[in-house]
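The values are calculated or read from the model by the stated rules, or taken from the named source; none is laboratory data. What you see is a predicted model; the values in this text were computed from it and never measured. Note that we place each Cβ from the backbone using ideal geometry, even for glycine, and neighbour counts take in every protein chain shown.
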Amino acid sequence: MAIVEVSQAPMRALLAGARRKESALLALTRKLVEAESPSDVKPAVDACAALAAAHFKAIGGRIKLHRQRQYGDIIEARFRPRRKPMRDAAQPILLLGHLDTVWPVGTLASMPCRQREGRLWGPGTLDMKAGVAMAATAIELLLEADLLCRELVVLLTSEEEIGSPVSRPITEALARQCEAVYVLEPAQELAYKTARKGTGDWRIAVRGVAAHAGVDFAQGANALRELARVIETVSGWTDLQRGLTVSVGVAAGGSKSNVVPDAAWAEVDVRIRRRIDGERIARKFASLRPAAPRCGLEVTGGINRPPMERSRGGVRLLRQAQTLARELGFALDEATSGGGSDGNFTAALGIPTLDGMGAVGEGAHARRESVFVEHLATRTALVTGLLLDEKTLGIATPN
């Protein structure tokens, strides 16, 4: 077992340790990727979770399984220091990730997990099984060097890609116990993320009156026409300067071209940069009324992830990461994202949260999904350094 010596040049030593473990990190990533785990197939997600739990247990974690009926089981792994913490009151740090993917079982047949051209390719490599393997490797480096200075909590959820319907309370409860949250979601280029948009979903259903389009046209009330009016209305709520978008992504209605349609519906995606905009847009959806007197509207949905707004605590974590990145020889940028993660929940609680700390690559949710191997060791060393106490690193905590 290789021991990382950090007494002289901590970050360079951690980088050397991460490079030694790169092959094992890739092997673990591949193992997780080949355990296909679409959010809506519980047995598949559970099989992947079992692999992850076994690995975290093997490196010294205490595993708690949050069993679920409809969705995949959720993995909580805790690692406690063998020596007294440098700060008696040091709270744990939460490492947050998910094991579910958007890819259906069988995708590997046409999109195999393979390493070539400097990348690891495959469904779920970038989003976010490489990030899970990075977290495991960082913890292993600390344990081998006996440098774990506070409790670490790893939470791997099973349904993040579909809005975290059951894991959110677990995530929030654990985050309240912790000093900071590190989210191993994919990077935005090489940057860490300090802000993400919140997300919402609404469904608009229109009820009309069916009639023969030739014989009894006037007796009908066209639900599709009413839906078209509503789509124009809600689309007009987009305000790009505020970072607010309202996008009708799916719509349907009617049965035959010679029948006045009595039903139509649309699904709407909403993104918000500020929490207050979520409250405003919810009121607007609630106020929708049909223009045609014989049509009815049913509007359901809401904001399912609050925005991760840029905060003093998140920026403080970023500044510390930037200091460590310079020691590793690169500049770490700051980014924001239009997509949400489970970090949105923890940031909304006021817990300092840093996101996008996982792998660098491209093609999340696309057939070109892949991870750039060249960045794995450096990014893993950076995560490891952030888990060390400032005194061990010999740096001052940024204000």
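How about the stretch 293-393: which helices (runs of 4 or more DSSP H) wholly inside it have at least 3 residues that are crowded, with 17+ Cβ neighbours inside 10 Å?
312-328, 343-348, 376-387
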Among residues of the stretch 27-50, those that are surrounded by fewer than 18 Cβ atoms within 10 Å (Cβ to Cβ) and out of contact with any Cys (no Cβ under 7 Å at 6 or more places or on another chain), counted: 7
From the list ARG319, ARG310, ARG305, which one is within 11 Å of LYS193 (Cα to Cα) and among the basic types (Lys, Arg)? ARG310
Kindly indicate which of LEU244, LEU224 is farther than 19 Å from PHE285 by Cβ, hydrophobic (A, V, I, L, M, F, W, C) and within 43 Å of the chain's Cα centre (by Cα). LEU224
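Yes/no matrix, rows are residues, columns are (1) of a type in the set (Gly, Ala, Ser); (2) in contact with a Ser or Thr (Cβ under 9 Å, 6 or more places away or on another chain):
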residue	(1), (2)
PRO43	no, no
ALA49	yes, yes
HIS55	no, no
GLU76	no, no
HIS98	no, yes
VAL102	no, yes
GLY106	yes, no
Using the structure shown, decide if LEU324 is within 17 Å of GLY385 (Cα to Cα), under 19 Å from the mean Cα position of the chain (by Cα) and in the same structural domain as LEU94 (by TED's automatic domain parsing). no
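Determine, yes or no, whether THR171 is polar (S, T, N, Q) and in contact with a helix residue (DSSP H, G or I) (Cβ under 7 Å, 6 or more places away or on another chain).
Working: polar (S, T, N, Q): yes; in contact with a helix residue (DSSP H, G or I) (Cβ under 7 Å, 6 or more places away or on another chain): yes.
Yes, satisfied.
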(1) in contact with a helix residue (DSSP H, G or I) (Cβ under 7 Å, 6 or more places away or on another chain); (2) under 21 Å from ILE303 (Cα atoms); (3) not assigned by TED's automatic domain parsing to the domain that holds TYR71 all hold for SER158 apart from (3)
Within the stretch 129-146, can one find any residue that is surrounded by fewer than 22 Cβ atoms within 10 Å (Cβ to Cβ) and assigned to a loop (DSSP other than H, G, I, E, B)? yes
Would you mind stating whether VAL299 is β-branched (Val, Ile, Thr) and within 17 Å of GLU232 (Cα to Cα)? yes
Please verify whether TYR182 is aromatic (Phe, Trp, Tyr) and either touching a His at 6+ places or on another chain (Cβ under 8 Å) or farther than 17 Å from GLU76 by Cβ (or both), treating the condition exactly as stated. no
